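Just below is one structure, and these are the notes that go with it.
The values are calculated or read from the model by the stated rules, or taken from the named source; none is laboratory data. Note that the coordinates shown come from a computational prediction; the quantities given were computed from them, not determined experimentally. Using ideal geometry, Cβ is built from the backbone for each residue, glycine included, and neighbour counts are taken over all protein chains shown. Please note that ligands, DNA and RNA were not included when accessible areas were found on the heavy atoms of the full protein model with its side chains. Shrake-Rupley method; radii C 1.70, N 1.55, O 1.52, S 1.80 Å.
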Amino acid sequence: MMLTRESLLNWAMIAALLIVPVAAWSLDEPFIITLATKAAILALAGVGLNIALGLGGLISLGHAAFFGIGGYAMGILAAHAQNYEPLFEWPFLFEGSNQMPLIWLVAVVFSALAALVIGALSLRTSGVYFIMITLAFGQMLYYFAISWSAYGGEDGLSIWVRNEFPGLNTLDPIQFFAIAYVILCLALAFAARLARSPFGLALAAARQNEDRVQAVGLTPFTLRLTAFVISGAITGLAGALFADLNRFVSPTMLSWHTSGEIMIFVILGGVGRLYGPVAGTALYILLEHLLGGISDYWQIFLGVLLLLIVLFARGGLIGALAGREKAHG
Amino acid sequence: MTYILVLEQILNGLQLGMMLFLMAAGLTLVFGVMGLINLAHGSLYMVGAFAAAAVAGWTGSFLLALTASLAAAAAAGALMELVVIRRLYRRDHLDQVLATFALILIFSEGTRWLFGSFPLFLDVPSYLSGPVSLPGGIQYPLYRLTIILIGLAVAAGLFLLIARTRIGIQIRAGEADREMIAALGVDISKLYTVVFALGAALAGLAGALVGAIQSVQVGMGEPVLILAFVVIVIGGIGSIKGALAGALLVGMTDTLGSVFLPQLFAVFMDPASAASAGASLASMLIYILMAAILLVRPSGLYGGSA
């Protein structure tokens with residue numbers, strides 16, 4: 001592997017994301033560990049979006065749908081498990097679950113299914129239509145969750161105890177961080193592998209020149225739909241973890257502000273960069289923590305910063321630190 | 001269920017449709033002429049509502065408040081265009097989405113900072129309050145009827161403006177071929193600012209009119225913005241006629257669905273679950289409508305090739 005400035009920076013970031021909470025753990029600062037866990041989980045959501053956005057060029061403003069579906073998968077399964085009310089009794093008895101691996105599986109399956117349906121409809125269009133339609137479908141699920149009183153409606157759903165992972169104590173902040181961090185690293189490795197795979201190259205080609213991809217006998221629609229489903233599944237997994245971090249899920253996770261924020265994580269770091277979401281999320285959490293302490297209206301500064309990055313520094317944080325992207329990423 | 005109730009709900013649907021048209025017209029004009037997707041259109045709606053509430057609070061005059069909403073939203077729109085938006089015309093849609101999302105953050109938090117988090121109230125003036133009798137024995141709130149009439153008047157004015165005036169010709173020419181009309185000596189950047197300010201003024205007017213029925217608060221523009229997106233996706237992006245058709249369709253579907261679906265479900269379900277199932281389905285109805293229309297016509301009812 002070539003050691004460019006960008007890959008050095010990537011290693012530094014992923015190391016920093018590990019060192020900071022471990023240092024906080026040894027200094028007994030659980031709050032900082034929680035912040036790092038939040039950063040890792042949100043970065044995971046960004047890694048998911050980046051597969052559609054960076055690699056596929058699909059500007060989805062509806063990824064909160066998958067994030068929220070992951071969250072509700074955790075909320076619904078865990079709520080049934082803690083209340084001893086079976087989720088369904090036919091065709092077999094299912095009592096809900098407080099086991100993370102099963103919850104993750106359900107979250108991934110349902111967000112992938114949702115991405116399949118939303119993607120199949122939205123990818124019939126392109127450009128601005130695609131942006132607005134993904135936004136509208138996300139909003140549809142948001143209103144559905146609000147009106148769905150069985151699972152808390154507008155108030156959301158609280159879980160008393162964090163779900164369990166075999167062999168670990170998930171209530172210990174550093175152990176839960178370890179789970180989120182390992183999953184983030186796996187997702188990054190998967191995304192890197194995907195980008196170099198024949199599928200990833202074809203997808204990137206479909207973004208750059210649709211006609212040529214069609215001319216060599218590939219179907220851009222199928223490529224994009226596959227990318228959209230993978231992207232939605234990863235973001236859904238992040239949603240399940242995020243809900244577990246807060247032990248709470250509410251329609252806010254599905255709102256379009258969440259979609260915008262996940263997109264901001266990707267952009268602050270640098271769109272199309274593999275580690276962009278990690279850099280972007282770290283910067284976002286840092287800003288939220290530092291500026292949020294100074295002013296309740298810190299999002300004004302976030303807005304100004306985002307505006308400046310879009311207008312004048314299109315490479316984001318990684319672009320500023322590691323220089324321009326190579327022509328063929 | 002009487003026919004009066006049905007007629008009343010149709011009027012309510014018409015009223016929502018007219019408000020959505022005021023929002024969607026600006027969005028679709030800006031997209032049609034400048035090729036720009038503007039998420040911050042909802043912020044202009046909010047600016048109009050806050051300006052109206054503030055001026056009504058100082059002067060007590062509803063007409064002055066409406067004038068202020070038009071002026072404030074147009075000014076905010078022109079400023080937005082001059083400072084930020086005009087740098088985005090040549091950019092891709094991702095940059096436009098992000099920059100206008102950033103503008104939402106700035107406008108929302110800025111308004112919260114100026115006016116606080118508590119909602120403001122804008123009262124319906126006495127000469128527009130109370131019910132009015134319509135032919136057929138329907139009692140309908142005069143204010144809502146006024147909104148419908150204002151909406152119809154604006155729609156008619158907009159069609160005349162686009163079809164009959166010099167600026168309308170320039171707008172249509174700008175949609176068709178912007179290089180050509182620039183070459184013919186039209187100051188295209190001034191035209192863009194004017195179109196943007198016009199769309200902003202319509203959004204501000206909608207915000208002020210709705211602000212008197214609902215409360216005036218930060219974030220009020222966003223649900224309307226998303227409905228307006230659904231409207232122009234259904235109608236076809238860039239088409240004013242499509243915006244009107246889509247707005248009426250969405251207004252009717254949303255209003256009638258939320259009233260009648262629970263009643264329809266009650267025919268074959270027990271009342272409590274009919275109410276909740278009906279409400280859930282009603283909340284998704286316009287999106288289902290949108291998906292259905294896209295399956296048949298991917299570029300909307302009146303859209304060209306997307």
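Here are a few things to note about the model shown:
- With a 10 Å cut-off around each Cβ of A:137-149, the average count of Cβ atoms from other chains is 6.
- Put a dot 7 Å past the Cα of B:PHE260, heading toward its Cβ, do the same for B:LEU64, and the two dots end up 4.5 nm apart.
- Take chain A with all the other protein chains still there, run a 1.4 Å probe, and you get 43 Å² of accessible area per residue.
- Between A:MET253, A:MET74, A:MET132, the Gaussian network model of chain A with springs among Cα atoms under 10 angstrom shows the greatest mean-square fluctuation at A:MET132.
- Size of electric dipole in region B:39-118: Cβ of Lys, Arg +1 and of Asp, Glu -1, about Cα centre, debye, nearest 20: 120 debye
- Prolate/oblate/rounded label for chain A (Cα gyration tensor, a/c 1.5): oblate
- Interface residues in region A:258-303 - accessible area drops by 40 Å² or more relative to the isolated chain, probe 1.4 Å: A:TYR297, A:GLN299, A:ILE300
- The mean number of Cβ atoms from other chains found within 10 Å of a Cβ in peptide B:225-234 is 4, as a whole number.
- For chain B, built as a Gaussian network whose Cα springs stay under 10 Å, the top-fluctuating residue of B:GLY13, B:GLY136, B:GLY151: B:GLY136
- Residues in region A:92-131 that, when all protein chains are in place, have 20 Å² or more less accessible area than the chain alone would give (probe 1.4 Å): A:LEU121, A:ARG124, A:THR125, A:VAL128, A:TYR129, A:ILE131
- Peptide B:50-57, shielding by other chains (average Cβ, 10 Å cutoff): 0
- Within the accessible area of region B:1-69 (1.4 Å probe), percent carbon and sulfur: 73 percent
- Whole-number accessible area per residue in Å² for chain B, which is evaluated in the context of all protein chains at 1.4 Å: 41 Å²
- Between the C-alpha center of region B:68-129 and that of region B:151-224 there is a gap of 15 Å.
- Cβ crowding within 10 Å averaged over residues, with A:134-144, B:213-223 ranked highest first: A:134-144, B:213-223
- Chain A: calculated mean residue ellipticity at 222 nm from DSSP helix runs of at least 4, using -39500 (n - 2.57): -23500 deg cm²/dmol
- Among A:88-100, A:12-24, the order from most to least packed when residues are scored by Cβ within 10 Å on average: A:12-24, A:88-100
- Chain A against chain B buries an accessible area of about 4200 Å², both chains summed, 1.4 Å probe radius.
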